[in-house]
1. Against the condition over 25 Å from SER191 (Cβ atoms), at pLDDT 95 or above and touching a helix residue (DSSP H, G or I) at 6+ places or on another chain (Cβ under 7 Å), how does ALA291 come out, does it pass?
2. Output the residues belonging to the range 37-63 that are touching a Phe, Trp or Tyr at 6+ places or on another chain (Cβ under 9 Å) and under 18 Å from GLY101 (Cβ atoms).
3. Name the pairs: first residue in the range 319-333 and in a helix (DSSP H, G or I), second residue not aliphatic (A, V, I, L, M), Cβ to Cβ under 6 Å, at least 6 apart or on different chains?
4. Kindly list the number of the only condition in (1) in a helix (DSSP H, G or I); (2) charged (D, E, K, R); (3) more than 30 Å from ARG368 (Cα to Cα); (4) in contact (Cβ under 8 Å) with a residue 40 or more places away in the chain that fails for LYS132.
5. Here is a check on your reading of the model: is PHE214 outside any loop (DSSP other than H, G, I, E, B) and crowded, with 22+ Cβ neighbours inside 10 Å?
6. Are there any pairs with C-beta distances below 7 angstrom linking a residue in the range 299-314 that is surrounded by 14 or more Cβ atoms within 10 Å (Cβ to Cβ) to a residue that is among the acidic types (Asp, Glu) and part of a strand (DSSP E or B), with the two at least 6 apart or on different chains, and if so which?
7. Checking THR2 against (1) touching a Ser or Thr at 6+ places or on another chain (Cβ under 7 Å); (2) in a loop (DSSP other than H, G, I, E, B): exactly one of these is not met. Which one?
Amino acid sequence: MTTSPRLPEFKASPALSLGVELELQLLSLRDYDLTRAATDLLHALDYDERYGEIKLEVTESMIEVSTLPRTHVDGIHLDLQGLRAVLLECGTQNNIAVCGGGTHPFHHWPDRRICPGERYDQTYRRYGYLAKQFTVFGQHVHLGCESADDAVWLTQALCPYVPAFIALSAASPYVDGVDTFFQSARLNAVSAFPLSGQCPPLRDWNAFVEYFDFMAACGIVSGIKDLYWDVRPKPEFGTVEIRVFDTPLTIEQATSLTAFAQCVARWLLRTRPEMDAALNLHVARYNKYQACRYGLDAKVSDPLRRIQIDLRTWVEEIIRATEDDADALACRPWIDRLRARVSGAQPPDAAWVRAQFDRLQNLNDVVRAASHRFRGEAEGAPAA
């Protein structure tokens, strides 16, 4: 297997093992705007990492939690429960609220402060104001791979499913105090980065290393984190990382999305369906836009059949196709939660946020309601 001095060695992990990262909003209890609190909050934590890590993100108004590696999605849920409890306890002691959602509905991005650290300083110097506008919040799902070649194959095999992942997780309808008409506006901030998008067609790990070394020689990348792809291999963890989910409003939805990703990956690995990575690239940006704009009501293009399909219908077909995988992975209850959203029995997160605004007529109170929802409480703030 080809290696590169610029890439960590691929460390094989158990197939379909799981890890989850959640980027969360830190809020002032005074007005539920974002607050600059991440560094102080970390210093105040008394935590032994029994559920995973809690760490800084690019600006002081964000905090990231990451679970331990798990084989079963129930373990992910327990870790997220534990991480939430630790954050909420420390936040309460420091007058800080925490919530999910892909964007904060009304924060003023120039007010954001870049976190201390060489990585974040380099990001700010390289990308300028985009780094502050990158105060958006996503869920990343890691799927274990037994080999580097499997990781490259799965990275490309998952790319056509990006619209489904986006639509199921969409939780960012408001930006700068206005309704964007998007279901997931968060990904518009990500798309501004030059290396966002999807993995090019690559036959195996050796081809990926050659591609990465070429990009490095051209001065474009220096590490794997420079690739802001929708799905990318993560060699130091031995995983493939799906990066397009909005952070959900609840950890239960985060768990359901993780279960769905695991089921899709298992189905792909056992069936090895027909795939044309080059052909998918022709429609990838369009399909991604459609999912961000319209969510489950989008129409997306199928490049193999050369037709447009209803995204909601397609997601229902995916869930049915992966039922055996859900049973094998013992995650059917989590998939059933997603099925209720696809059918319309439960509102998607973006629709819930809009419904709160219709009820409360104030985005500050909407964020307060979202913070209650993240805590696992009832729908939160009553109308004033």
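The values are calculated or read from the model by the stated rules, or taken from the named source; none is laboratory data. Keep in mind that what you see is a predicted model, and the values were worked out from it rather than measured. So basically every Cβ, Gly included, is an ideal-geometry build from the backbone, and we count neighbours across all protein chains shown.
1. Details: over 25 Å from SER191 (Cβ atoms): no; at pLDDT 95 or above: yes; touching a helix residue (DSSP H, G or I) at 6+ places or on another chain (Cβ under 7 Å): yes.
Answer is no for this residue.
2. Correct list: GLU57, VAL58, THR59, MET62.
3. ILE319/ARG339; ASP325/CYS263; ASP325/ARG266; ASP325/TRP267; ALA326/CYS263; ALA326/ARG332
4. Every condition holds for LYS132 apart from (3).
5. no
6. LYS299/ASP310; ILE309/ASP302
7. Evaluating THR2 over (1) touching a Ser or Thr at 6+ places or on another chain (Cβ under 7 Å); (2) in a loop (DSSP other than H, G, I, E, B) leaves (1) as the failure.
Quick grid of which residues meet (1) without any contact (Cβ under 8 Å) to a residue 60 or more places away in the chain; (2) more than 20 Å from VAL300 (Cα to Cα); (3) surrounded by 24 or more Cβ atoms within 10 Å (Cβ to Cβ):
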residue: SER147; (1), (2), (3): no, yes, no
residue: VAL178; (1), (2), (3): yes, yes, no
residue: ASN188; (1), (2), (3): no, no, no
residue: CYS199; (1), (2), (3): no, no, no
